[in-house]
Amino acid sequence: MSAPVYTREAPGALPPGFHNLTVASGIRSAARREPGKTAVICGAQSRSYTQLVEHIDRVANGVLALGLQAGQNAAIVAPNCIEYIEVVAGVSEIGAATATPNPRLTPRELADICNDAQAQILFVHPDCLASIDRSLYTTLRHVVVLGDAYAQWLATASPDFTPGFLPEWTTFAIPYTSGTTGKPKGVMLSHRSRTLCFLSYAGEYGIYAPEDHFLAFAPMCHGAGLAYAMTSVFTGGCVEILAKFDAETVLRAVHSGRVTGMFTVPTHYHAMFSLPAAVLDELRGHKLRGIVCNAAPLPQGLKELVVGYFGDGLLHETYGSTEAGVVSNLRPKDQLRKVNCVGQPFGNNLIRLLDEAGREVGANEVGELFSLSTTLFNGYWQKPEATAEAFRDGWVSVGDMARRDDEGFLYIVDRKKDMVITGGINVYPREVEAVIDQHDSVLESAVIGAPDPQWGEKLVACVVVQPGAALDAAALTALCRNELAAYKQPKQFLLIEALPRNASGKVLKTSLRTWYAQHAAAH
């Protein structure tokens, strides 16, 4: 079957040898090179490249038969699984896109996202059926349950599919922002931005060659989790998918010697280094060629633990966002030389740091970070005002404040919305957190602003103590007094059990501020 998607309305506008970039085209290319090679593994399941392409084609024909059309959306609610790649790639082949909400959301939240995306077809994992609001069944065309029912549905679809011509800017997938402020927004990611993102990964990290075996355990419902997993099959490697993260399971897989690369977030390392010392010693060996860390800042002390355990020359700390794709990377050789740094821009990526008046700031001055690259998003789904706010003359900002040193290395100072104005002076909480996190008894911290009658806002530090350690506010007060100017010193320290985070590892400071206003202000 051929997808009635787009045609070349102006044939002379494109060179005769033009080959457009789509995600599935890379997978097809890999399949032609090594058709029998294992492409994807998840538990007891696996797919060769031939099988993966056949399933992608069957999904494309299957959704066409269910009435999905180019420009419309499907949705998938599932933990990490092989079907995730097949569904998202297959739906995209007909010029439609897949919304990828977090399966851990409540039924109401999932329904809100599916309705916002105007999803026509829902693919849902059996474990997630209880989270599907019954009202959705009246608005969706069809619901396909992954597993046996999905396999039966696939078997009824033809494996013969001829991709139509898709403009590269056609939306491929729509992950939803984490909703750290306000309601989640659908981020429209094009085939062009994804394929060039994949190629940037391959060129930067050195872990995406056909001989590589990538371990994927970050949630694929997020832009980064899906992208790092799909890069492996786009470039002809093998991706091993874990349904969920478990620290010991990951280290045992790495220790086996089969894994050459993995994508992580800082919370993964907190869990790994909380394992018993005997387990860590047992699982120390590996054949990794690279490790990528993203999604949240990696505190310097934790970074030193990572480098000490896995070895030097492996760790990349990347800065990016779902909207901007990849922005910068701190390469292994600079990990311990540059403190709290996110490196230099990726190739083909331009960076501007602008002040409130839109003027570019100088070296070591703080400005809002804007990027211009081939990996930018298309905009927010049906939110033109939010899209316009994110772009400035084609450059994208997600509200991060940064500075650039004399060597051109970038440092994310803080989120613009998290900046605290105390006594009329701007304070970036991340600078204060970096000082607090130096204390041996501190696992991690988050600094927020709270209303204060004298200063307008005061700094409040929420601190998580290392397991088994003892700590009091006096020690932290003394540390900050030695390291920070008086106006940057927290007026209050609160010891808490854990920092609230979203599924991608970002600290939810909005939740902390709400909690403080409701419960902690009197203490």
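Whenever a residue of the range 192-217 is at positive phi, its partners that are modelled with pLDDT of 95 or more and assigned to a loop (DSSP other than H, G, I, E, B), lying with C-beta atoms within less than 7 angstrom and at least six residues away or across chains, give the pairs G206/R289. Close Cβ contacts (under 7 Å, 6 or more residues apart or on different chains) running from residues in the range 75-99 that are among the aromatic types (F, W, Y) to residues that are at pLDDT 95 or above comprise Y84/I76; Y84/A78; Y84/M220.
Restricting attention to the range 314-349, the residues that are closer than 23 Å to T231 by Cβ, of a type in the set (A, V, I, L, M, F, W, C) and free of Cβ contacts under 8 Å to residues at least 40 places away in the same chain add up to 2.
R403 passes every criterion in (1) of a type outside the set (A, V, I, L, M); (2) touching a Gly at 6+ places or on another chain (Cβ under 8 Å); (3) in contact (Cβ under 8 Å) with a residue 60 or more places away in the chain apart from (3).
Just to be sure before I move on: is D437 among the acidic types (D, E) and either surrounded by fewer than 18 Cβ atoms within 10 Å (Cβ to Cβ) or within 25 Å of D355 (Cα to Cα) (or both) in the structure I sent?
In short, no.
In the range 106-140, the qualifying residues are those that are among the hydrophobic types (A, V, I, L, M, F, W, C) and in contact with a helix residue (DSSP H, G or I) (Cβ under 7 Å, 6 or more places away or on another chain), and the one that is surrounded by the most Cβ atoms within 10 Å (Cβ to Cβ) is F123. Could you tell me whether L64 is crowded, with 16+ Cβ neighbours inside 10 Å, over 14 Å from V239 (Cβ atoms) and modelled with pLDDT of 95 or more? In short, yes.
Just to check your reading of the model, which residue among T50, T38 is more than 21 Å from L226 (Cβ to Cβ), modelled with pLDDT of 95 or more and surrounded by 11 or more Cβ atoms within 10 Å (Cβ to Cβ)?
Among T50, T38, only T50 is more than 21 Å from L226 (Cβ to Cβ), modelled with pLDDT of 95 or more and surrounded by 11 or more Cβ atoms within 10 Å (Cβ to Cβ).
Here the strands (runs of 3 or more DSSP E) wholly within the range 359-459 that include at least 1 residues being modelled with pLDDT under 95, in the same structural domain as S321 (by TED's automatic domain parsing) and within 27 Å of S190 (Cβ to Cβ) are 367-373, 400-404, 410-415. Out of G257, G261, G285, one residue alone is crowded, with 21+ Cβ neighbours inside 10 Å, over 25 Å from D437 (Cβ atoms) and of a type outside the set (K, R). It is G261.
The values are calculated or read from the model by the stated rules, or taken from the named source; none is laboratory data. In this text, all values refer to a predicted model and were calculated from it rather than measured experimentally. With ideal geometry, Cβ positions are generated from the backbone for all residues, glycine too; neighbour counts draw on all protein chains shown.
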